[in-house]
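Q: Let me begin by handing over the structure; questions about it come next.
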Amino acid sequence: MHYRAIFISDLHLGTPGCQAHALLDFLRENESDYMYLIGDIVDGWQLRRKWYWPQAHNDVIQKLLRMARKGCHVVYIPGNHDEFARHFVEHHFGGIEVLKEATHTTASGQTLLLIHGDFFDAVVQYAKWLAYVGDYLYELILNLNRYFNHLRAKMGLPYWSLSAFLKHKVKQAVGFINDFEVAVAREAKHRGYQGVVCGHIHHAEIRTIEGVLYCNDGDWVESRTALVEHMDGRLEIIYWDQLVEPANELTPATT
C-alpha cells in the first residue's frame, strides 16, 4: 500500500518488548512519500541498564535508511527515551533529518504539529526519577505479558495486552491520558495549528479536542499501530495485527 505519509513512534528498539518483526512486515508492505518517526525510536534508558540489540532491530534501522535513500522524506523527532538524539537536531544521518518538532500539511491543506509529547508529561519533566521507576515497572508488566501471551498462543487465543487493559481500567491512568491529550491539543491550537500528531503515551487515538484534530500514532511495543495519511488527506490509524479493535478513521476538514 502506498500512503502520502506514515507516522510511527515508540518503537523502543533495544528492548525485548519491541515488536520489530511485526514492524518490519509493516514497513515492507507499506510505502509513503513522507515517514515521520515521532520519538522513542531507540530506548536509551533501557540500553544503559542492559544491552539488548538483536538482528531484527538492525533490520528496522536499515529499512528506514533504505526508504530515505529511495526518496522517502524521513524525519526523526527524538523523544524522552532517545533524548540523546536531541543533541543532533538539524543534522542529517543517512538521509534522515533530525528535528525537535515538525510541521506536516495534509493533502487537504490541514497543518499538523508533530511532537513526541513528553514535554506535556509532568512526571518526565519534574520527577524524572519517578519516570525511571515507572519505566522499570512497565518493563516488568511487559515481561509478564509476554509469558501470558505465550500461553494464550498455545491455546489458540489472540494477543492481549495486560498493560493496555490496566491503563483503561485504572481511573488515574485514564485521567492522565485525557489530561495529556487536552494539553497537547491546546498547545497546537495556541500555536495556530489545526491538528497535532504525537506519541509518548502508547495510546492510539484520533479525535477532535476543542476544535483541534488530535492524533496519537500509538506504539510498536503493544498495539502495533501507525497513523497514515491517504493520498486524499484522510487520516487513519492502522492496527497492524488487527487484533485490538477496528481502526479509527476521520476525514479532515478541507481548508
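The values are calculated or read from the model by the stated rules, or taken from the named source; none is laboratory data. Here the structure is a predicted model, which means the values were calculated and not measured. Glycine also receives a Cβ, built like all others from the backbone with ideal geometry; neighbour counts cover every protein chain displayed.
Q: Does any residue in segment 75-88 that is surrounded by fewer than 24 Cβ atoms within 10 Å (Cβ to Cβ) come within less than 8 Å, Cβ to Cβ, of a residue that is in a loop (DSSP other than H, G, I, E, B) and among the charged types (D, E, K, R) six or more places away or on a different chain, and which pairs are these?
A: Cβ pairs passing all conditions: N80/D40; N80/D121; R86/K100.
Q: Give me a count of the residues in segment 74-112 that are out of contact with any Phe, Trp or Tyr (no Cβ under 6 Å at 6 or more places or on another chain), of a type outside the set (S, T, Y), outside any helix (DSSP H, G or I) and on the phi < 0 side of the Ramachandran plot.
A: Initial filter on segment 74-112 (out of contact with any Phe, Trp or Tyr (no Cβ under 6 Å at 6 or more places or on another chain)): 74, 76-80, 82-95, 97, 99-110, 112.
Those left that are additionally of a type outside the set (S, T, Y): 74, 77-80, 82-95, 97, 99-102, 104, 107, 109-110, 112.
Then keep just the ones that are outside any helix (DSSP H, G or I); that gives 74, 77-80, 82, 89-95, 97, 99-102, 104, 107, 109-110, 112.
Subset that is on the phi < 0 side of the Ramachandran plot: 74, 77-80, 82, 89, 91-93, 97, 99-102, 104, 107, 110, 112.
The qualifying residues number 19.
Q: If a residue must be farther than 15 Å from S223 by Cβ and surrounded by fewer than 18 Cβ atoms within 10 Å (Cβ to Cβ), how many such residues does segment 5-22 contain?
A: 2
Q: Now, a different point. Would you please list the contacts, defined by Cβ atoms under 7 Å and residues six or more apart or on different chains, that run from a residue in segment 1-14 that is within 12 Å of T106 (Cα to Cα) to a residue that is modelled with pLDDT of 95 or more and in a loop (DSSP other than H, G, I, E, B)?
A: Here the result reads Y3/N30; Y3/H230; R4/A107; R4/H230; R4/M231; I6/N30, each pair linking segment 1-14 to a residue that is modelled with pLDDT of 95 or more and in a loop (DSSP other than H, G, I, E, B).
Q: Next question, about the same structure. Restricting the search to segment 197-243, which residues are among the β-branched types (V, I, T), modelled with pLDDT under 95 and either under 20 Å from Y3 (Cβ atoms) or under 9 Å from the mean Cα position of the chain (by Cα) (or both)?
A: I201
Q: With the structure loaded, tell me whether G71 is on the phi > 0 side of the Ramachandran plot and touching a strand residue (DSSP E or B) at 6+ places or on another chain (Cβ under 7 Å) or whether it fails that test. Steps first, answer last, please.
A: Working: on the phi > 0 side of the Ramachandran plot: yes; touching a strand residue (DSSP E or B) at 6+ places or on another chain (Cβ under 7 Å): no.
Considered against the rule, which asks whether it is on the phi > 0 side of the Ramachandran plot and touching a strand residue (DSSP E or B) at 6+ places or on another chain (Cβ under 7 Å), G71 comes out as no.
Q: Out of all the residues in segment 40-69, which are of a type in the set (A, V, I, L, M) and more than 15 Å from R28 (Cβ to Cβ)?
A: Taking segment 40-69 as the starting set, the residues that turn out to be of a type in the set (A, V, I, L, M) are 41-42, 47, 56, 60-61, 64-65, 67-68.
If the condition is that a residue be of a type in the set (A, V, I, L, M) and more than 15 Å from R28 (Cβ to Cβ), then I41, V42, L47, A68 are the ones that fit.
Q: Filter segment 179-193 down to the residues that are over 15 Å from L227 (Cβ atoms) and either charged (D, E, K, R) or in contact with a helix residue (DSSP H, G or I) (Cβ under 8 Å, 6 or more places away or on another chain) (or both) and list them by number.
A: D179, F180, A183, R186, E187, K189, R191
Q: When the residues of segment 23-41 are filtered to those that are more than 11 Å from A226 (Cβ to Cβ) and touching a residue at least 60 places away in the same chain (Cβ under 8 Å), which remaining residue is surrounded by the fewest Cβ atoms within 10 Å (Cβ to Cβ)?
A: The selected residue is D25.
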